[in-house]
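Q: Before I ask anything, let me first share the structure, which is written out below as structure tokens.
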Number of protein chains: 2
Amino acid sequence: MATPESGATLESVASAAGVSRQTVSNVLNAPERVAPETRQRVEEAIQALRYRPNRSARSLRTRMSNLIGYCVPPAAAGNLNPVLDRFVHAVTESAAQHGFHVLLFTAPAGDAGLDRYAELLAQRAVDGFVLADTVVADPRPRWLTEQSVPFVAFGRSWSGPDIGRWVDVDGAAGMTEAVEHLHALGHRRIAFIGWPEGSGVGDDRVAGYTAACRRLGLDPRIVRAEGGAGTGRALATTLLDGDDAPSALVCVSDDSAYGALRALADRGLQPGEDVAVVGFDDTPAARLPGVDLTSLSQPIEQIGREVVQMLLGLLGVVVTPPGPEHRLLRPSLVVRASSRPAGPGPAAPTEA
Amino acid sequence: MATPESGATLESVASAAGVSRQTVSNVLNAPERVAPETRQRVEEAIQALRYRPNRSARSLRTRMSNLIGYCVPPAAAGNLNPVLDRFVHAVTESAAQHGFHVLLFTAPAGDAGLDRYAELLAQRAVDGFVLADTVVADPRPRWLTEQSVPFVAFGRSWSGPDIGRWVDVDGAAGMTEAVEHLHALGHRRIAFIGWPEGSGVGDDRVAGYTAACRRLGLDPRIVRAEGGAGTGRALATTLLDGDDAPSALVCVSDDSAYGALRALADRGLQPGEDVAVVGFDDTPAARLPGVDLTSLSQPIEQIGREVVQMLLGLLGVVVTPPGPEHRLLRPSLVVRASSRPAGPGPAAPTEA
DNA sequence: ATCCCATCTTTGAACGATCAAACGCACGCT
DNA sequence: AGCGTGCGTTTGATCGTTCAAAGATGGGAT
């Protein structure tokens, strides 16, 4: 008996336990209001009937969907993917600990995409948003703030005043650490392979490089171009073939760094031995044998947790100490063969 | 006037248009029942008030959440990520065209994870599931079928009888094409770098290799080991250093292939010139300059569309011709430098 | 003995949509 | 004139939950 039908409701649990709807509801939402023995009887009935509150009904009444909207970035942006993948995972996991789930949707970039956000809000399909892939002049933070919609971004609002709450990686600090690392290894001619000015993320990273050079008394040397590995290769080639070729290359991204590694291979130079290379993002390919790229790893899981924490704070789901509106987390330098002479140290078994 | 308050309801639209609730509802769900002039009046009111039906209320009444559950695979499975990333995007986009969204959740692998699925069902939080990352002895297809829960898998149910609906990539056909491609280039000693037996996906792929060898009168030569690039490198090394070294390597995955490429580089061999290498998955790194790996590309976007189509068919949302329960799609071979002599042909500009 | 109060529990009314059935009305047929 | 028919519209009930307020119960304090 007590078939665990899928159709258990508050009412059916109530009659099974010999109490009223509201008492069952209280057992779930405010247990302290219910007498201990009643509570136990109700809990047993809940178990027996495998009761779970219907989410739609609850949402309708409470005006909370317990869903967080996340826009999956336009297909095949290419380079950022592995990072965002981990981010989504982290957000999903953190959200689950508070009974929240992530609702995915797609939207075109720029103003055209705002409609999708508006639609979800009007339908009360989500309680708030997690933003990723924020770019310069991204319309979303301002718009969401104007509509007083709860949201937290992974990535600063790069243009204009700092809008809304965000968590981000301190790219500048990371690059500074990279330069210091290379300097400690004895490198004195350290060049930077970057993106064109105006990209936010790229400017942040190059700033850290420049600052470190200043502090260490090195001459900053920066080359820039749009793109990934292809252009990284071209830029590195120019540097290596020019006068006063650098002994170390700091790259704005792993993708550029892969290009740089290729440029080294083109001319028979050994990464880490002849020229050191450092990337940014610690993408999966960086640890491939034969690549072994030193790179700055972003604390993605922590970022996901903090983003969710902030958002649930805005939603009043968790009580957070009135912390700062922003969090800037340091990436950590993962040193691999591309910036380490092969000679000293044990032959580290490269991980698959 | 007519402030576009966020609180527009069916009732408020109705009174604005001078009709009843139900008529407004009909305009949205069954326009043909409403007289044209009435319809227009109602549509104007909807526009003016920016009305969108409340999803919770609708779900409560219709017992459909219009959400599709998708379990984000346990963190950092590593190799499959870029593929699944595209898959999620495709599913999200296809679902959106029918008013559906994707709900993300996490679950431990194996039986332990089934609770999470059960929970979502009991809450009526989702209407069905999209499965990915199905493995041998995956408990989910059977369990979901027993509960008569609508679901479609990306990936066959590898063990036992074929359970439920799925869409998958014909790995065997892909590998056959790879072998034929190499054969056409003149290769006669083609070896296969694979995974240990029993992995489903791996067995499928090696079967295609073996079949092609038979048909072409070649001696199949198969080496196997668990893992990715690291083991790929080791296996390739053994092959290249042994007697009767192969002139071409077909690898069960891009990751293995990266290891094989490394093994070539270790001994100064030129991919495509001295030894050809083919991978599987067409991961982003395959097109990096300096990698340029020939690989089998899965039609992920199409798979996503078909999965959604099937699932919405099961849910009765779209009427599908009573098609087959399974779809097997062919991957396409993307030929790059690793299986093509550099000599002939224009110097293809490698894409960033 | 009376009253008040705290504790625990129940009752009615929402939340915003859809389903099912009833209603009004003009039309054509007998 | 009377009647069935079909179309367009409205009405009441319902989905399952939580909110707000009211009811029961027992135990001190006066």
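Q: Give me the percent of accessible area attributable to carbon and sulfur for the range B:224-352, probe 1.4 angstrom. Before the final figure, lay out each step's value.
A: Values: 2870 of 5430 Å².
With neighbouring chains kept in place, the figure for the range B:224-352 is 53 percent.
Q: Of all accessible surface on the range A:10-53 at a 1.4 Å probe, what whole percent is carbon and sulfur?
A: Working: 1200 of 2770 Å².
With neighbouring chains kept in place, the figure for the range A:10-53 is 43 percent.
Q: A further question on this structure: What are the nm distances, shortest first, from B:PRO324 to its equivalents in the other copies, labels at 7 Å along Cα→Cβ?
A: Here the equivalent label points are 5.9 nm apart from this one.
Q: Moving on. Which far-off residues, 5 or more places away or on another chain, put their amide H under 5 Å from the one on A:LEU328, with H placed in the peptide plane?
A: A:ASP168
Q: Sorted by accessible area (1.4 Å probe), largest first, how do A:ASP266, A:ASP241 line up? Write down the numbers at each step before the final one.
A: Working: A:ASP266 70, A:ASP241 95 Å².
From most exposed to least exposed: A:ASP241, A:ASP266.
Q: What is the distance, in nm, between label points placed 7 Å from the Cα along the Cα-to-Cβ direction at A:ALA112 and at A:ALA137?
A: Reported label-point gap for A:ALA112 and A:ALA137 is 1.6 nm.
Q: Translational D (Stokes-Einstein, µm²/s) of the range A:230-352 at 4 °C and 1.567 mPa s when Rh comes from the Kirkwood sum over C-alpha pairs?
A: Numbers: Rh = 16.3 Å.
Once the numbers are plugged in, D ends up at 79 µm²/s.
Q: With N set to the residue count of chain A, report its C-alpha Rg divided by 2.2 N^0.38 Å to two decimal places.
A: So the Cα radius of gyration is 1.27 times the expected 2.2 N^0.38 Å.
Q: Quick one: check the C-alpha center-to-center distance for the range B:206-259 versus the range B:8-33, whole angstrom.
A: 65 Å
Q: When the Karplus curve 6.51 cos²θ - 1.76 cosθ + 1.60 is applied with θ = phi - 60°, which whole-Hz ³J(HN,Hα) does each residue of the range B:186-195 get, with x for Gly and Pro?
A: In residue order, the calculated couplings are x, 6, 10, 10, 10, 9, 10, 9, x, 9 Hz.
Q: Hey, another quick one. Taking just the alpha carbons, could you work out the radius of gyration and Dmax for the protein assembly as shown, both in angstroms?
A: In Å, with Rg to one decimal and Dmax whole: 28.4, 88.
Q: Along Cα→Cβ at 7 Å, what distances in nm separate the A:LEU269 label point from those on the other copies, shortest first?
A: So the distances to the same position in the other copies read 2.9 nm.
Q: Would you calculate the volume per residue, in Å³, of the smallest convex hull containing every Cα atom of the range A:10-53? Let's see the in-between values first.
A: Numbers: hull volume 2.4 nm³, N = 44.
Here the figure is 54 Å³ per residue.
Q: Please work out the average accessible area per residue across the range A:93-188, using the 1.4 Å probe convention, and give it in Å². Intermediate results must be reported in sequence, preceding the final value.
A: Values: 3660 Å² over 96 residues.
Using a 1.4 Å probe on heavy atoms only, each residue of the range A:93-188 averages 38 Å².
Q: Cα centroids of the range A:77-134 and the range B:270-296: how far apart, whole angstrom?
A: Going from one Cα centre to the other spans 34 Å.
Q: For A:GLN302 and A:THR238, FRET efficiency with R0 = 45 Å and r from the beta-carbon atoms, rounded to 0.05?
A: Working: r = 37 Å, r/R0 = 0.83.
Computed FRET efficiency for A:THR238 and A:GLN302 comes out at 0.75.
Q: Helix hunt in chain A: which complete DSSP H runs extend at least 15 Å axially by C-alpha with mean Kyte-Doolittle at least 0.0?
A: On the way: long enough: A:36-49 (20 Å, -0.91); A:81-96 (22 Å, 0.21); A:171-184 (20 Å, 0.16); A:201-216 (23 Å, -0.20); A:229-241 (18 Å, 0.45); A:254-266 (18 Å, -0.21); A:300-314 (21 Å, 0.76).
Those that pass (Cα extent of 15 Å or more, hydropathy at least 0.0) are A:81-96, A:171-184, A:229-241, A:300-314.
Q: Using modelled amide H (1.01 Å from N, peptide plane; none on Pro or chain starts), what sits under 5 Å from the amide H of A:LEU131, excluding residues fewer than 5 places away?
A: Under 5 Å from the amide H of A:LEU131: A:VAL152, A:ALA153, A:PHE154.
Q: Counting only protein heavy atoms, probe 1.4 Å: which residues of the range A:78-117 lose 50 Å² or more of accessible surface in the full assembly compared with their chain by itself?
A: Residues passing the criterion (a loss of at least 50 Å², heavy atoms only) are A:ASP85, A:HIS89, A:THR92, A:HIS101, A:LEU104, A:THR106.
Q: When each copy gets a label point 7 Å from Cα toward the beta-carbon at A:ARG189, what are the spacings between them in nm, shortest first?
A: Once sorted, the set of distances for A:ARG189 reads 4.4 nm.
Q: How about the range A:260-283: which of its residues lose at least 20 Å² of accessible area in the presence of all protein chains relative to their chain isolated, using a 1.4 Å probe?
A: Flagged in the range A:260-283: A:ARG262.
Q: At a probe of 1.4 Å, how much accessible area disappears from chains B and A on forming the pair, both sides counted, to the nearest 100 Å²?
A: Working: alone 17860 and 17820 Å², together 31710 Å².
It comes to approximately 4000 Å² buried between B and A.
Q: For B:GLU226, A:GLU93, write out the residues from largest to smallest accessible area, computed with a 1.4 angstrom probe and no ligands counted. If you can, show how the numbers build up before the last one.
A: Numbers: B:GLU226 135, A:GLU93 85 Å².
Result, largest first: B:GLU226, A:GLU93.
Q: Here's a follow-up. Largest first, what is the accessible-area ranking of A:MET64, B:MET175, A:MET310 with a 1.4 Å probe? Intermediate values should be presented prior to the final figure.
A: Numbers: A:MET64 55, B:MET175 0, A:MET310 25 Å².
Greatest to least solvent exposure: A:MET64, A:MET310, B:MET175.
Q: Still on this model: Tell me, what is the 1.4 Å probe accessible area of A:VAL27, in Å² to the nearest 10?
A: So the heavy atoms of A:VAL27 present about 10 Å² to solvent.
Q: May I ask you to compute the full-extension gain from A:GLU273 to A:SER12, defined as 0.36 nm times their residue separation minus their alpha-carbon distance, rounded to one decimal in nm? List each step's numbers first, then the result.
A: On the way: separation 261, 0.36 × 261 = 93.96 nm, distance 7.30 nm.
The span from A:GLU273 to A:SER12 would gain 86.7 nm if fully extended.
Q: Something else about it: If you average the alpha carbon positions of the range A:319-343 and of the range A:152-171, how far apart do those two centres end up, in angstrom?
A: Between the Cα centres of the range A:319-343 and the range A:152-171 lies a distance of 17 Å.
Q: Any idea how far apart B:GLU226 and B:ASN29 come out in nm if each label point goes 7 Å out from Cα toward Cβ?
A: Reported label-point gap for B:GLU226 and B:ASN29 is 5.4 nm.
Q: Additional query: Go ahead and run the numbers for FRET between B:GLN22 and B:ASP162, Cβ-Cβ distance against an R0 of 51 Å, rounding to 0.05.
A: Working: r = 45 Å, r/R0 = 0.89.
Efficiency, from the Cβ-Cβ distance: 0.65.
Q: Tally the DSSP beta bridges in chain B and give the antiparallel ones as a percent, rounded to 5. Intermediate values should be presented prior to the final figure.
A: Numbers: 3 of 36 bridges.
Counting only bridges with both partners in chain B, antiparallel ones make up about 10 percent.
Q: Continuing with this model, one more query. Treating only the Cβ of Lys, Arg, Asp and Glu as charged (+1, +1, -1, -1), what charge dipole size does chain B show about its Cα centre? Round to the nearest 20 debye.
A: Details: 33 positive and 40 negative charges, 194 e Å.
Charge dipole, chain B, about its Cα centre: 920 debye, nearest 20.
The values are calculated or read from the model by the stated rules, or taken from the named source; none is laboratory data. It should be emphasised that the depicted structure is a prediction, and the values quoted were computed from it without experimental measurement. Cβ sites come from the backbone with ideal geometry, for glycine too, and all protein chains shown count toward neighbours. We work out accessible area using only protein heavy atoms, side chains counted, and drop any ligands, DNA or RNA first. Shrake-Rupley method; radii C 1.70, N 1.55, O 1.52, S 1.80 Å.
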